Amino acid sequence: MATASPQARYDCVIIGAGHNGLVCAATLARGGRSVLVLEAAAQVGGAAVTREFAPGFRVSAGAHLLHLMPADLLRELKLESHGLEWAAQGMATTVLVPGGARLSLGAEEAGRGLSPEDAEAYSVYTARMRRFAAALVPMFSRVPPRLGTSAWADRIALLRLGWQVRKLGRRDMRELLRIGGMNVYDLLEENFDSAALKGALGLDAVLGANFGPRSPGTVLTLLYRLAGEFAAGASGPSQPRGGLGAFCDALAKAAAAAGATIRTGAPVASIRVEADRAAGVVLESGENIDAPCVISNADPKTTFLRLLGPRYLDTGFVRRVNHIRARGLAAKLHLALNRVPVFSGVSEAGVRGRLLLAASLQHIEHAYNHAKYGEFSAAPVMEITVPTANDPTLAPVGQHVLSAIVQYAPYALKEGWQSGRQRCLDAALDGLERYAPGLRASIVAAELLTPADMEAQFGMAGGHWHHGDLAFDQFLMVRPVPGAAQYRTPLDGLFLCGAGCHPGGGVMGIAGRNAAQEVLKVSQNSA
Amino acid sequence: MTESVAPHFKQPLLKTPFHERARALSQVDSFIPWAGYTTVDVFTTMEQEYFAIRNATTLYDLTPMVKYRVAGPDALPYLNRLVTRDVAKLKPDRVAYCVWCNDAGHLIDDGTIFRLRAGEYRICTAERQIDWLLDSAIGFDVEIDEVTEQIAALAVQGPTSCAVLKALGLQGIEKLKPFEIGYFAFGPQRLTVSRTGFTGDLGYELWMEPQAAETVWDGLMTAGRSRGIRAIGSQALNVARIEAGFLLPNVDFVSAEHTIRTGRDRSPLELGLGWLVDFNKGHFTGRRALRNEMIQGPRRQLVGLDIAGNKPAHNALLYTDDGGKREIGSVTSAIWSPTCKRNIALAIVDAPYFQLGSTVWADIYLNRELMWERRMSRAQVVERPFFTPERRRATPPAEF
Ligand SMILES: Cc1cc2nc3c(=O)[nH]c(=O)nc-3n(C[C@H](O)[C@H](O)[C@H](O)COP(=O)(O)OP(=O)(O)OC[C@H]3O[C@@H](n4cnc5c(N)ncnc54)[C@H](O)[C@@H]3O)c2cc1C
């Protein structure tokens with residue numbers, strides 16, 4: 001062995017200090033394990049980081065809102081005592097409507113701007129969707145059951161899921177089963193008249209997904225997002241002071257306080273195998289680290305195909321991993337502005353919230369059509385925040401930052417991102433200018449991160465939000481693939497803990513915590 | 001991959017380069033499809049052809065055997081992850097019989113691997129496997145091409161086969177050891193010869209360019225005239241292979257890629273091929289599943305049966321007792337062995353009844369002029385192969 005310093009041996013090595021890796025580290029350290037986290041990038045957080053994109057201007061470079069992080073996990077890790085502060089909580093949603101009318105979906109102003117019929121339908125719809133989401137909540141914090149086994153634990157878990165749905169009562173259960181496999185376009189058309197409302201609700205169903213509103217399964221993705229928010233128990237989207245990176249810094253402090261060691265700038269080259277089990281990792285520097293338990297926060301494709309390598313895996317398993325659909329479609333736009341952006345008809349309070357640019361379901365579907373054929377959307381849809389409206393520390397005094405998720409921007413752009421980048425950026429700016437006249441003139445600097453950029457910067461295969469599409473066939477007990485859906489993998493001692501696992505991506509930390517619990521269980525049994 | 005130029009919509013079955021010669025010798029017009037080719041089932045009578053295998057020399061057209069070329073820097077690690085045997089032990093110019101499994105350790109197919117030149121291998125198998133072979137190549141620097149149509153193949157088998165090849169002019173053929181590959185000139189043609197076969201007898205397989213096929217066939221027929229040479233079809237070969245204890249896909253096992261019902265897949269341990277599984281060579285597909293199976297012990301096993309009487313136990317169900325109360329397996333292949341003078345079969349038998357020497361009962365149905373009779377026959381689990389003559393391995397083989 002190259003280096004056998006006394007610190008070169010840990011109970012657990014975690015590859016990647018994304019938020020899930022950090023939650024996993026903290027949980028394992030609290031469970032009494034010696035833990036080392038190895039992060040390729042110079043800072044922790046993965047796709048939840050804050051970084052400077054223009055001199056003096058900082059932004060949450062990947063995820064920009066926290067809406068899925070469970071309150072109990074925040075408490076459990078005492079993040080507030082590790083430096084987490086909120087710049088905004090319970091942020092309202094404002095729908096940008098052409099012509100400057102205004103539609104608010106935030107807690108207090110909910111329904112403002114709707115016809116009485118739509119307002120009534122909206123409250124019925126939200127109540128029902130919340131009941132459905134609540135039925136799905138118990139799935140989140142559990143290890144998904146395995147299918148086709150005769151183990152009682154698996155059967156009970158499946159029964160419990162069925163029972164949750166049954167408990168909804170006959171009418172709701174029937175409705176859930178009816179809409180469960182539908183597309184969100186049809187669902188919203190059934191319920192509402194307002195194009196803006198339908199656009200806004202439809203956007204939530206496809207944000208970060210490889211779908212348009214007419215794609216099958218989009219009601220499921222919407223319910224799933226709602227269930228995640230419901231499980232979080234939070235009052236709505238929130239913004240940590242200092243951006244999502246500051247949130248991950250607090251996670252890292254919590255992990256360190258529990259005893260975990262975190263090293264950044266330490267990319268892992270490969271997972272070492274001895275006697276058919278994971279035995280540690282080798283860093284790109286050549287350094288060797290021994291650990292009987294290796295947990296990967298990297299996406300499943302990277303973990304299995306690159307870090308471990310197919311020669312330690314069976315062909316059928318590799319075939320399934322190779323088929324994981326993980327091509328990102330969401331780009332990220334960062335603008336440095338010399339004044340606060342003004343959106344027609346949107347109040348100052350609105351700018352402190354979440355702004356949705358999706359004029360109608362047709363708008364989203366048309367935007368998606370481009371992506372199907374390898375083009376970026378000519379008129380993209382967006383989720384926009386102005387982080388500096390809540391947190392002036394992110395920009396020089398009086399100046400501002402705009403952060404937007406821009407869809408759709410396919411990972412494998414047909415024309416290539418070399419020439420496509422500027423044209424895609426222009427399309428996004430044109431779209432914004434329509435709702436915020438004069439915005440262009442206030443731009444000091446602009447940055448567009450394509451999925452390919454995010455793959456390079458955050459190490460996520462395909463630059464995919466969830467490390468792999470969240471869809472019926474890559475969901476729950478088949479996520480990421482059968483044979484690795486319980487955080488364990490075919491190789492003893494190797495575990496997964498990232499967004500590629502159940503319950504998927506978004507900054508929620510549940511995959512990290514579930515994985516840690518599974519590791520604790522396995523190592524207890526074998527101890 | 002080579003594109004076939006044959007207009008398949010007009011003629012679904014291809015003709016092998018030996019087809020015209022086979023057609024000319026066929027007396028009973030008995031052809032069957034095999035892997036996309038039309039091939040001979042019987043030329044004259046099955047018995048006549050079978051006895052030529054055991055007493056003289058036979059020609060059998062092997063061209064439809066599916067062949068893949070495997071080359072590239074990772075060819076060896078690739079093959080070692082694919083099959084259960086340690087291919088690193090395969091020396092240049094040698095052939096190894098191998099099986100490959102899916103993740104569950106169930107057999108996808110069996111076949112032979114030829115180590116042709118440093119870094120280049122050939123896989124010969126009964127069925128097309130390209131998708132499995134390509135998926136197995138993910139992450140390996142290896143090239144895989146199907147070369148079935150580029151290589152004509154002829155099995156030359158029987159006690160006088162070495163003498164026939166010598167008479168054909170293949171100098172030094174008698175030095176070729178079992179599972180060895182040699183390269184010979186025959187006039188302007190180049191022949192690759194491996195001492196392999198499916199008969200369990202002395203025999204060789206000749207691999208050549210399709211253009212050489214007819215010349216080689218004619219040369220062999222001339223060289224073998226005084227040594228009883230005869231073209232044979234699949235029926236006669238089937239009798240010989242059962243005597244030799246070889247398995248036939250879709251008869252003795254169904255590929256795990258094709259089974260639909262649960263419990264129909266077979267592992268190499270169940271098929272009595274445990275000797276092909278090397279747990280010490282590093283990882284291969286199915287290893288973890290097979291290890292578990294090893295620890296638990298196989299639930300059933302393919303064995304040889306010696307059955308009382310002379311009625312082949314085709315498709316017979318097997319029981320623990322002559323009352324037929326407890327079913328414990330079934331026969332997959334059965335013949336009256338003309339050489340052993342025994343009523344033999346290959347059968348899948350449940351644990352623990354597959355132990356050597358144990359007695360089982362075969363429920364044999366006999367059709368006697370349209371009247372079905374049932375006979376419960378005592379059978380004993382015996383060693384395979386049933387027939388393995390000295391001459392199969394002798395180097396040099398006897399002169400004729
Ligand atoms: C454009 C965009 C916008 C988003 N917006 C939101 C949002 O507003 N709200 C929200 O909740 N979610 C959002 N998401 C989703 C969210 O960012 C991700 O799902 C989440 O960050 C994934 O976290 P993770 O810890 O599982 O993985 P990651 O954050 O991807 O972390 C994996 C870590 O592993 C490291 N790594 C990989 N390979 C190696 C190696 N070989 N050696 C060492 N380290 C390695 C990486 O560097 C990385 O730090 C967004 C995603 C995208 C792409």
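Give A:PRO503, A:PRO480 a once-over and let me know the one that is away from every other protein chain (no Cβ under 14 Å), crowded, with 24+ Cβ neighbours inside 10 Å and more than 25 Å from A:SER238 (Cβ to Cβ).
A:PRO480
Report whether or not B:ALA88 is within 14 Å of chain A (Cβ to nearest Cβ), open to solvent by 40 Å² or more (accessible area, probe 1.4 Å) and either modelled with pLDDT of 95 or more or within 19 Å of B:ARG241 (Cβ to Cβ) (or both).
So B:ALA88 passes the test.
Within the range A:248-278, take every residue that is farther than 18 Å from A:VAL44 by Cα and away from the ligand (no atom under 15 Å from the Cβ) and give me the one that is farthest from the chain's Cα centre (by Cα).
A:ALA275
Which ranges mark the helices (runs of 4 or more DSSP H) fully within the range A:169-255 that have 1 or more residues being touching a residue at least 24 places away in the same chain (Cβ under 8 Å) and closer than 24 Å to A:GLN89 by Cβ?
Fully inside the range A:169-255 and qualifying: A:195-206, A:218-232.
Restricting the range A:506-527 to residues that are in contact with a Ser or Thr (Cβ under 9 Å, 6 or more places away or on another chain) and open to solvent by 10 Å² or more (accessible area, probe 1.4 Å), which is farthest from the ligand (Cβ to nearest atom)?
A:LEU520
Being part of a strand (DSSP E or B), away from chain B (no Cβ under 14 Å) and within 10 Å of the ligand (Cβ to nearest atom) is the requirement here; does A:VAL37 meet it?
Judged against the criteria, A:VAL37 is a match.
Quick grid of which residues meet (1) crowded, with 19+ Cβ neighbours inside 10 Å; (2) not in a loop (DSSP other than H, G, I, E, B):
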residue	(1), (2)
B:ALA223	yes, yes
B:VAL251	no, no
B:ALA256	yes, no
B:ALA289	no, yes
B:ASN292	no, yes
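Quick one: count up the residues across the range B:142-168 that are open to solvent by less than 40 Å² (accessible area, probe 1.4 Å) and more than 24 Å from B:GLU49 (Cα to Cα).
6
Can you go through A:PRO437, A:PRO482 and tell me which one is more than 15 Å from the ligand (Cβ to nearest atom) and closer than 30 Å to B:THR285 by Cβ?
Just a single option satisfies the conditions, and that option is A:PRO482.
Mind checking which residues of the range B:52-75 are surrounded by fewer than 19 Cβ atoms within 10 Å (Cβ to Cβ) and more than 30 Å from B:LEU133 (Cβ to Cβ)?
B:ASN55
Which one of these does A:THR302 not meet: (1) within 14 Å of chain B (Cβ to nearest Cβ); (2) hydroxyl-bearing (Ser, Thr, Tyr); (3) more than 28 Å from A:PRO410 (Cβ to Cβ)?
(3)
Among the listed residues A:LEU161, A:LEU188, A:LEU147, which satisfies the condition of being within 28 Å of the chain's Cα centre (by Cα) and open to solvent by less than 20 Å² (accessible area, probe 1.4 Å)?
A:LEU188
Rundown of residues vs (1) among the β-branched types (Val, Ile, Thr); (2) outside any helix (DSSP H, G or I); (3) out of contact with any Asp or Glu (no Cβ under 7 Å at 6 or more places or on another chain), yes/no style:
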position	(1), (2), (3)
B:TYR60	no, yes, yes
B:PRO77	no, no, yes
B:VAL95	yes, yes, yes
B:VAL99	yes, yes, no
B:GLY105	no, yes, no
B:ILE108	yes, yes, no
B:ARG122	no, yes, yes
B:ILE138	yes, yes, yes
B:LEU165	no, no, yes
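Has the range B:364-373 got any residue that is closer than 23 Å to B:PHE253 by Cα, at pLDDT 95 or above, open to solvent by less than 60 Å² (accessible area, probe 1.4 Å) and not assigned by TED's automatic domain parsing to the domain that holds B:ASN238?
Within the range B:364-373 (the criterion being closer than 23 Å to B:PHE253 by Cα, at pLDDT 95 or above, open to solvent by less than 60 Å² (accessible area, probe 1.4 Å) and not assigned by TED's automatic domain parsing to the domain that holds B:ASN238), the answer is yes, since at least one residue qualifies.
How many residues are modelled with pLDDT of 95 or more, farther than 19 Å from A:LEU28 by Cβ and either more than 14 Å from every other protein chain (Cβ to nearest Cβ) or open to solvent by less than 10 Å² (accessible area, probe 1.4 Å) (or both) if we restrict to the range A:483-499?
Of the residues in the range A:483-499, 0 are modelled with pLDDT of 95 or more, farther than 19 Å from A:LEU28 by Cβ and either more than 14 Å from every other protein chain (Cβ to nearest Cβ) or open to solvent by less than 10 Å² (accessible area, probe 1.4 Å) (or both).
I'd like the residue in the range A:388-422 that is surrounded by 14 or more Cβ atoms within 10 Å (Cβ to Cβ) and among the charged types (D, E, K, R) and, out of all such residues, is farthest from A:LEU337 (Cα to Cα).
A:ARG421
Taking the options A:ALA446, A:ALA441, name whichever one is more than 28 Å from A:CYS293 (Cβ to Cβ) and either without any contact (Cβ under 8 Å) to a residue 24 or more places away in the chain or not in a strand (DSSP E or B) (or both).
Only one candidate passes the filter, namely A:ALA441.
Taking the range A:325-354, which residues are within 13 Å of the ligand (Cβ to nearest atom) and either within 14 Å of chain B (Cβ to nearest Cβ) or outside any loop (DSSP other than H, G, I, E, B) (or both)?
If the condition is that a residue be within 13 Å of the ligand (Cβ to nearest atom) and either within 14 Å of chain B (Cβ to nearest Cβ) or outside any loop (DSSP other than H, G, I, E, B) (or both), then A:ALA330, A:ALA331, A:LYS332, A:LEU333, A:HIS334, A:ARG354 are the ones that fit.
Within the range A:449-479, work out how many residues are assigned to a helix (DSSP H, G or I), of a type in the set (A, V, I, L, M, F, W, C) and within 7 Å of the ligand (Cβ to nearest atom).
2
Quick one: what pairs do we get from the range B:276-295, first residue away from chain A (no Cβ under 12 Å) and touching a residue at least 24 places away in the same chain (Cβ under 8 Å), second basic (Lys, Arg) and open to solvent by 40 Å² or more (accessible area, probe 1.4 Å), C-beta under 8 Å, 6+ apart or different chains?
Close Cβ pairs (under 8 Å, with a partner that is basic (Lys, Arg) and open to solvent by 40 Å² or more (accessible area, probe 1.4 Å)) amount to B:LEU276/B:ARG85; B:VAL277/B:ARG85; B:ASP278/B:ARG85.
Checking A:GLU433 against (1) open to solvent by 30 Å² or more (accessible area, probe 1.4 Å); (2) away from every other protein chain (no Cβ under 14 Å); (3) in a loop (DSSP other than H, G, I, E, B); (4) not aromatic (Phe, Trp, Tyr): exactly one of these is not met. Which one?
Here A:GLU433 meets the rest and fails (3).
The values are calculated or read from the model by the stated rules, or taken from the named source; none is laboratory data. Since this is a predicted model, take the numbers as computed values, not measurements. All Cβ positions, glycine included, derive from the backbone under ideal geometry; neighbour counts span all protein chains shown. Please note that ligands, DNA and RNA were not included when accessible areas were found on the heavy atoms of the full protein model with its side chains. Shrake-Rupley method; radii C 1.70, N 1.55, O 1.52, S 1.80 Å.
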